[in-house]
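The values are calculated or read from the model by the stated rules, or taken from the named source; none is laboratory data. In this text, all values refer to a predicted model and were calculated from it rather than measured experimentally. In this analysis, Cβ positions are derived from the backbone assuming ideal geometry, glycine residues included, and neighbour counts consider all displayed protein chains. The protein model used for the area step is the full one, side chains on, heavy atoms only, and it has no ligands, DNA or RNA in it. Shrake-Rupley method; radii C 1.70, N 1.55, O 1.52, S 1.80 Å.
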Amino acid sequence: QVQLVESGGGLVQPGGSLRLSCAASRINFSLYNMGWYRQGPGNERELVARFIDTTILYHDSVRGRFVISKDNAKNTLKRQMNSLKPEDTAVYYCNARRRFAAGEIWGQGTQVTVSS
């Protein structure tokens, strides 16, 4: 069964940093464009950052603070979040979208709370 499992969420103070990871099992990483989305309290799910082939697209609100990377050999997607703000509080989801066909996979989400 194809699966995406996020880890690394938690509570952090404003200005702090967190690193999230997404481990993918039973998929060929190179056939998917990987990305991160988030859903804050009362908000719709929104894009945080994602790969589009070799390009990385960032939401304006996180550009310069968040960096995503991937390891195709380990089927792992990571995100380094710096200078966190209370408005970054959300459930963060890993997403795998097929590059050459329709279809996508979601992880179960991991909570990130930014609060003093």
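I want the local charge near Asn82. Using Cβ-Cβ distances under 15 Å, sum +1 for each Lys or Arg and -1 for each Asp or Glu among the other residues. Please report the intermediate quantities before stating the final value.
On the way: positive: Arg19, Arg63, Arg65, Lys78, Arg79, Lys85; negative: Glu87, Asp88.
Taking every other residue near Asn82 into account, the sum is +4.
If you add up the charges near Tyr58, with Lys and Arg at +1 and Asp and Glu at -1, over every other residue whose beta carbon is less than 10 angstrom from its beta carbon, what do you get?
The answer is +2.
So which aspartates and glutamates can Lys78 reach, going by Cα to Cα under 15 Å and dropping same-chain residues fewer than 8 places off?
Output for Lys78: Glu6.
Select from Thr54, Gly109, Gln13 the residue farthest towards the positive end of the dipole of the chain; place +1 on Cβ of Lys and Arg, -1 on Cβ of Asp and Glu, and compute about the Cα centre.
Thr54
What is the calculated FRET efficiency for Ser69 to Ser116, with r their C-beta to C-beta distance and R₀ = 22 Å, to the nearest 0.05?
0.15
Can you pull the percent of the chain's accessible area that's carbon plus sulfur, 1.4 Å probe, other chains left in place?
Values: 3020 of 6240 Å².
Answer for the chain: carbon and sulfur cover 48 percent of the accessible area.
Report the charge-dipole magnitude of the chain in Debye, nearest 20, computed about the Cα centre from +1 at each Lys and Arg Cβ and -1 at each Asp and Glu Cβ.
Details: 15 positive and 9 negative charges, 65 e Å.
The dipole of the chain has a size of about 320 debye.
Per residue, how large is the accessible surface of region 29-116? Use a 1.4 angstrom probe and give square angstrom.
Values: 4620 Å² over 88 residues.
Roughly 53 Å² per residue, with all protein chains present.
Could you work out how much longer the chain between Gln39 and Arg99 gets when fully extended? Use 0.36 nm per residue separation minus the Cα distance between them, nm to one decimal. Don't skip to the end; give the middle numbers.
Details: separation 60, 0.36 × 60 = 21.60 nm, distance 2.38 nm.
The Gln39-Arg99 span can extend by a further 19.2 nm.
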